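K.L.:
Below is the structure I would like to discuss, written out as structure tokens.
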Amino acid sequence: MQNGRGAGQDLTDLERALLSTDRVTAARILAGPFASGVVGVPGLDGSRVPPIPVSRVDNLLVPALRSIGNAWGAGRVALSQVYQAARAAEDIVGAIEAESQLRRHPAPRIGLATLEDHHSLGKRIVSMTLRAVGYPIRDYGAGVSVEALAEHAAEDELDVLLVSTLMLRSCMRVEALRKELDAFARRPRIVVGGAPYLFDGGLWREVGADAMGRSAADSIDLVAETPLAGAAGGTGDAADHAGRDRRRLA
Ligand code: B12
């Protein structure tokens, strides 16, 4: 229970606020018990966004968008409404994307992209979550081709490449990405996430990924497990921190 309201009620209210593109109400619901005073979303009414715990983004905003997607699948809402709701969600995520003051040393070299797909929200939430716990991220954007992503990975000598895909066709492109990366002397670890992998639990292995994350919070542990090139004790330390990081985000 939050503020005497059930989580189910929060979810229903959030869906309603997103569908009516009421960003202020949506931000207030997401802020939950931490909301105080006048709540606004910067860039829309000049006021500040309430402090929204990153865990509420994973646990409330993501299910709300999925539920809106199901309503679309069932013909209860139009694609234009899904689009408007996603735009509202993006504005809120953009407003809370502030850089953390934490800096991790040593940290793996982390790259992130949405592969041949323009469903960019999941990537932004993963990026926001990792930045919030002090990991620097190279974000290559959305709709990135296999070839471009492989080039970035080579240039930046990545330790881990986080790949988000929401469409089945895009998620199958990870196979081609893996082939490109296999040509490297030392390829980055490939960690995937997004809706298709949630529907089919074995798909990440089939496409040649090294690991799969079910949520943005999972990315913390997955990054922490990544061996660092030449950094003594890096993974052990990082893994020890992962549990503390999850608590910090709660
Ligand atoms: C919002 C949405 C849109 C928005 C996207 C806005 C945006 N900027 O992202 C709009 C309206 C533009 C859109 C368009 C389309 N969409 Co759409 N969309 C959705 C919807 C409803 C929600 C997706 C979403 O944003 N979820 C919220 C995010 C935050 O969740 P998430 O991405 O899953 O991310 C979380 C986890 O998965 C994880 N995660 C994600 N990535 C990664 C990566 C790593 C490394 C890790 C560790 C974790 C991780 O962490 C995140 C946070 O917890 C889904 C339905 C669904 N069930 O997913 C359909 C869906 C993805 N869309 C679909 C389709 C078909 C389309 C269109 C082709 C529709 C059309 N006819 O035009 C277009 C194509 C766009 C394109 N070219 O890419 C289908 C895909 C079907 C398929 N099998 O391929 C879906 C599944 C709907 C459906 N049931 O049919 N869409």
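K.L.:
Within segment 101-120, which residues are surrounded by fewer than 17 Cβ atoms within 10 Å (Cβ to Cβ) and at pLDDT below 85?
P.N.:
Listed by number, the residues that qualify are Gln101, Leu102, Arg103, His105, Pro106.
K.L.:
Let me ask something else. Is it the case that Leu130 is under 20 Å from the mean Cα position of the chain (by Cα), of a type outside the set (Phe, Trp, Tyr) and surrounded by 23 or more Cβ atoms within 10 Å (Cβ to Cβ)?
P.N.:
Yes, satisfied.
K.L.:
Need the failing condition index for Gly134 against (1) touching a Leu at 6+ places or on another chain (Cβ under 8 Å); (2) within 14 Å of the ligand (Cβ to nearest atom), just the number.
P.N.:
Only one criterion is unmet by Gly134, namely (2).
K.L.:
Of the residues in segment 147-161, how many are assigned to a helix (DSSP H, G or I) and either crowded, with 20+ Cβ neighbours inside 10 Å or in contact with an Asp or Glu (Cβ under 6 Å, 6 or more places away or on another chain) (or both)?
P.N.:
3
K.L.:
What pairs come up if the first residue lies in segment 217-240 and is under 27 Å from Val62 (Cα atoms) and at pLDDT below 75, the second is in a loop (DSSP other than H, G, I, E, B) and of a type in the set (Val, Ile, Thr), and their beta carbons are under 8 Å apart, counting only those six or more places apart or on different chains?
P.N.:
The qualifying pairs are Ala238/Thr226.
K.L.:
Still on this model: Can you tell me which residues in segment 72-92 are within 9 Å of the ligand (Cβ to nearest atom) and of a type in the set (A, V, I, L, M)?
P.N.:
Hits for segment 72-92 are Leu79, Val82, Ala85, Ala86, Ala89.
K.L.:
Looking only at segment 131-146, which residues are part of a helix (DSSP H, G or I) and touching a Ser or Thr at 6+ places or on another chain (Cβ under 6 Å)?
P.N.:
Correct list: Arg131, Ala132.
K.L.:
Listed residues Pro42, Pro63, Pro33, Pro50; which is in a helix (DSSP H, G or I) and at pLDDT below 70?
P.N.:
Sole residue among the options that is in a helix (DSSP H, G or I) and at pLDDT below 70: Pro33.
K.L.:
Which ones in segment 162-211 are within 12 Å of Leu149 (Cβ to Cβ), near the ligand (Cβ under 10 Å from one of its atoms) and assigned to a loop (DSSP other than H, G, I, E, B)?
P.N.:
Thr165
K.L.:
Identify all residues within segment 18-27 that are closer than 15 Å to Val77 by Cα and touching a residue at least 60 places away in the same chain (Cβ under 8 Å); write none if there are none.
P.N.:
Once the filter is applied, which keeps residues that are closer than 15 Å to Val77 by Cα and touching a residue at least 60 places away in the same chain (Cβ under 8 Å), segment 18-27 yields Leu18, Leu19, Thr21.
The values are calculated or read from the model by the stated rules, or taken from the named source; none is laboratory data. Small disclaimer: the values here were computed from a predicted structure and weren't measured. Don't worry about glycine lacking a Cβ; one is built from the backbone with ideal geometry, like all the others, and counts go over all protein chains shown.
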